[in-house]
Every structure is written in structure tokens, then in C-alpha cells.
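The values are calculated or read from the model by the stated rules, or taken from the named source; none is laboratory data. Because the structure is a prediction, the values reported are computed rather than measured. Because the Cβ atoms are built from the backbone with ideal geometry, glycine has one as well, and the counts that use them run over all protein chains shown. For accessibility, only protein heavy atoms count, side chains too; no ligands or nucleic acids. Shrake-Rupley method; radii C 1.70, N 1.55, O 1.52, S 1.80 Å.
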Amino acid sequence: MGASDPVVERETQNKEEEEGGGEGGGEEEVKDVEKGEVVVEEKVVDSNSNVNINNINGEQRGFNASMMQTLNPTNPLRIVINGGRRVTAPRIATPPPSQPSRQAPRIATPPPSQPSRPRSISTSPPAPTPTPQQASRTTLNSKKYTNKISLFLFVLHMILAIGLVGFLVFKGIQGLILASESIKRKEKRVLKYLLPQVEAASLLSISLSFSWQKAFRVWPKFMVHFILWSSFFLSLSAGILLICFQKPATDGVGVCFIAFAIGNGLYACWVSQRIGFCCKVLIISLQPVSKFSDLNQPTYWMLGTGFLWMSFWILAVIGALNFYFPPLIIIALVLSLAWTTEVMRNVVNLTVCRVISLYYILGMQSSTQFCFQRALTQNLGSACLGSLFVPTIEALRIVARGLNLLEGEDEFMFSCAHCCLRIMESIFRCGNGWAYVQIAAYGKGFVQASQDTWALFERQEMEPIVDSDITSSICFLTGVCSGCICVIVTAAWTAKVHQPFTATISLLTFIIGYLMTRIAMALPQACVSCYYVCYAENPDNRLFDSTIKDRLSLMKAGRDVVVPTPRVPHRFRET
């Protein structure tokens, strides 16, 4: 029947019909309430009064179809559609003129023993327009797949990578069995002096990654200082060790480590004023982790999968030595490994972001397993796209800031610095690591989530705070620490058993140690991201304290200034 049509209430001047209608209507309404049906609260005034009737107006809103179908056939609110005309059942009367200000009694409520609670329809004025945060809650359970093209490309890449690895493993086995004696000796030497070190580096990096993560959760303030300076000393030590072997290949790798150590030390001095606030945010953002005992399960799965894949991968590298163009194939394998492990890291990132963001938004404890499955299905395309572009964008951003240091030296560098900064600013709005929170929570695409997240930061005037956050740098340097430890161990081991492989093994083990540690460090980085993004979305949430608000107040008052990118002093620009 026409349950979706609006209810039409009519007035009459007949006093007898008013009294009779009121009694009959009351009885019918009580029956409806006892059945768990709709309860309507009305305020009725005299027809001679100029006050408008505050009821359910047919021109403003209509009943839901399923709600109207549950009404009793004899209910006064029942609407009958006849030939396209709206005909109302027995009419609801107005009070007599002698009582102009009297309100009609409310419909009786069900007795306390009634188990079903009746649904009520509010007759108050229309609700205000929902905020963006309220409107976005409707998409918290989005089922659509994000960034399908990126997902297709990653699946195609994995099919090709698995095929290539399988073929190269076959070529390696074939070389050991059917090849000439020289090739057999070469592959046996590689298996004997390269494979054990790489496998040991994989296991060592997994152990280090869990140790770093646990230490950050227990002693976050100490670990921030420790990682900043231990990465400097470890990279410097690894570089000096490789130079001590006095081989051209090891000297070149060692110089790279020393150059990185110098830059790392300068960075640690530059960000010293940001460490206090970073530690405070890290401590607060890691507090919800204790409420989810299984939040580390995705990390276990990804690290186990990564270890198995790297075991086959290193066998494929050995097999590539028995095939055409070994350097090109090894470079392709390294790039494939980097993309695959970065996707694994972002799967963990999306899972943690989903769990923590729902805790902040709705105050609920969601299932980690369900969020993990969602990250592996609906949001996997965004993880693939972000894994390609976020590291690239961050690297280009570092280059732009480096060029910004030279601003003012000459006209050409001045123009290049500003051009690069404008380009990176526009690119960063369309692709940044903060987007993973809204991807996980609302199922948005990577670009849309990046733009919406940065718009939230701009609305809350939080750009200086999030732009100066060093959590991602700390997680990066943690991976560097693991890589350097793996280099020191495997380089000393290889130099003892077969020195010609020292440089190659050092590079491979550094990459493995860095990538495996980054997977585990996705958890603290995701927690910090959720804290910033969810605060920007709803600063009045009771789960947030005044940390960011106080920081913003101090910055606006000029008492706490975020350290800007260094500039060349004015006195040197004039000379």
C-alpha cells in the first residue's frame, strides 16, 4: 500500500467528533504501542489560534515504508491510496475552543514489562546539517575496492615475479646438476658463502624488528633519542669497517655509509627541538595499543611471509648468475622485492589504522582479523599505489628542502628552490602518508584520502605540526639501524670465509634488514597517524587531551615555534 505517502492531519470544528475521536484514537494508539509500533508525540492547539501545528508535515518529511506497513489497519495514521488520491482514516480532532493553550496528552507508553521498546518519531524541528565527521560515518563499512588499476598492476607484477623467481630457481638447480664443472663450482661457492649470511640476516632483522617495536612501546621517550644517535654511530661504524677491508667495492660502499652518517648526525642536531613534542605524541598515541591484544598478528603474518619470500628470492638471485644479463635481472628482483615488502608494510599500516581510528571515531574495539582481511582485499589497491608514490614523494621532498637551503645564493638557485617547493607542495597534497587513516576508516581512494586529510589539517591549522613531525623519520632510522647491524655482522663473517663477496652481501643484508624492520615499525607510525588525523577530524572527542591544542596555542602566541627549514644567514647572502 502507499506507505511512503505523507500523513495528512485535518482539523474540524465539531466538538462531539473531537471528544469521540480523542478517546478512540487513544485506544488505538495504546494498542499500537503494545505491539512495539511507532509512538508519535504531538502538540495540538485550537484552530482559532495563530500557532502552527507542530506535527509530521507531509510537505517536509515522510514515513519510512517499512515503518508505515507495521501500523494497525485501524490506526488513525493509516493512509489509504485510492486512485492516486490521499484519503485519511478517522480524523484526529483538535481540543475545544475553550482550552486554547491546552496540549493533547501524549500517547501512552508500553508497560515496563514489555520487552520490545517502541520506536519513536521525533516531531521536533528539522535537525541541523550534519558535520563532515558525522556524514562520513555512513561510509565506515564501505565494500568497494579502492584504486583498482594499482591493484591489477600489483597482482600482475606478483604473477610475473613468482614466475621469474620460479624460473630462476629452476635455472639454479639446473646449473648445479647439468651445467659444466666451472658453472657448478661457481654456484656451489655462491650457495656456500652467500646463502647462509643472507638467511642469517633475515632472521636477525626479524628479531631486531620485534625488539625495536617492543622497546618503543615500553620506553618511547628513550628510544627516540637512542635511535637518532645510534643510527649515526652504527652507519659510521659500518662504513669504517667496510673501508678497512681495503677493496675497491667495499671502499665505495663504506664511503656511502659514512656520507649517510654525516647527514644523519646533522639531522639529529637539527630536530633536537622537536624531540620533546614527538615523544609526548608517541606516548599518547601508543596508549590504545594495550586494549587490543592481537594487534601485532598482522605483523607476524607479514614478517613470516616476507622471510619465506626472501628465501626464494635469494635462490633466484643465485640462479640469475646462470642466466643472461645477471646485473639487470638482479636489479629487477631488488625493485620487485622493495615494492612487495612496502606493500606488506602498508597492509599492516592499514590494519592498525582501521583498528585505532574506529576506536577514536566510535569508541569501539573492532576485530583485528576483520580489519586485516579488509586491508588485504578492499584497500589493497591503495596500499599498492601508496607504496609506489609515498617513498618517491618523500625523497623528492627531501631534495626540495635541500635546494631550499641554497635559496638566495644566486638567481638561478633561488628560482629552482621556489619552483621545486611549489611542485612538491601540490604533489604532497595529492599523495602523503597521512592518507592511510582515511583509506582504512572510510574506504577512500589514495588521492582523495590524501586531499581530504590535508584539508582537515588546514581547517584545524595543524600543517606546521604535522609537517614537523619526525615519527616517520624515526621509523626510517630504526630500519637503518637494523640494516647497519646486519651489515656489520655479515661483513665480518664474509670477510673471514670469502672476502670477494663482502660488498655484495653487505648491500643485500642492509636492504633485507631495513625492509623487515620497516614492516614491524608500521604499528607505532600508524598509531601516531591516527592520533593526528582523528584529532583533526573531531578535536572535541573525549579521547583526546589538550596536547595538540596547547601546542597550537603556544605556536600562535609565538612562545613555541616549530623549527623551520634552515636558511642561509642574511650576512652571507650579501657577500
| So which of Glu199, Glu187, Glu181 ends up being over 27 Å from Ala338 (Cβ atoms), of a type in the set (Asp, Glu) and at pLDDT below 95? | Glu181
| note | Within the stretch 404-417, restricting to residues that are modelled with pLDDT of 70 or more and either touching an Asp or Glu at 6+ places or on another chain (Cβ under 8 Å) or surrounded by 14 or more Cβ atoms within 10 Å (Cβ to Cβ) (or both), the one that is farthest from Ala522 (Cα to Cα) is Cys416
| request: Answer yes or no: is there a residue in the stretch 202-215 that is at pLDDT below 95, charged (D, E, K, R) and in a loop (DSSP other than H, G, I, E, B). | output: no
| message | Name the residue that is farthest from the chain's Cα centre (by Cα), counting only residues in the stretch 539-558 that are over 17 Å from Ser285 (Cβ atoms) and either of a type in the set (Asp, Glu) or open to solvent by 70 Å² or more (accessible area, probe 1.4 Å) (or both). | response | Lys556
| said: Take the residues in the stretch 448-466 that are part of a helix (DSSP H, G or I) and in contact (Cβ under 8 Å) with a residue 40 or more places away in the chain; name whichever of them is nearest to Lys148 (Cα to Cα). | reply: Ala449
| Unmet criterion (only one of (1) under 29 Å from Arg422 (Cα atoms); (2) free of Cβ contacts under 8 Å to residues at least 40 places away in the same chain; (3) open to solvent by less than 30 Å² (accessible area, probe 1.4 Å)) for Ser366 | (1)
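Yes/no matrix, rows are residues, columns are (1) in contact with a Phe, Trp or Tyr (Cβ under 8 Å, 6 or more places away or on another chain); (2) among the acidic types (Asp, Glu); (3) within 22 Å of Cys534 (Cα to Cα):
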{"site": "Met302", "(1), (2), (3)": "no, no, no"}
{"site": "Gly306", "(1), (2), (3)": "no, no, no"}
{"site": "Met310", "(1), (2), (3)": "no, no, no"}
{"site": "Asn322", "(1), (2), (3)": "no, no, no"}
{"site": "Pro327", "(1), (2), (3)": "no, no, no"}
{"site": "Val355", "(1), (2), (3)": "yes, no, yes"}
{"site": "Gly363", "(1), (2), (3)": "no, no, yes"}
{"site": "Ser367", "(1), (2), (3)": "no, no, yes"}
| field | Glu187, sole failed condition from (1) open to solvent by less than 20 Å² (accessible area, probe 1.4 Å); (2) under 30 Å from Asn264 (Cα atoms); (3) of a type in the set (Asp, Glu) | value | (2)
| message | Return the residues of the stretch 353-401 that are of a type in the set (Lys, Arg) and closer than 19 Å to Leu295 by Cα; say none if nothing qualifies. | response | Arg354, Arg374
| request: Name every residue in the stretch 469-487 that is under 19 Å from the mean Cα position of the chain (by Cα) and open to solvent by less than 40 Å² (accessible area, probe 1.4 Å), in order of residue number. | output: Asp469, Ile470, Thr471, Ser473, Ile474, Cys475
| Are any residues in the stretch 324-378 aliphatic (A, V, I, L, M) and under 18 Å from Ala161 (Cα atoms), and if so, which ones? | Leu328, Ile329, Ile330, Ile331, Ala332, Leu333, Val334, Leu335, Leu337, Ala338, Val343, Met344
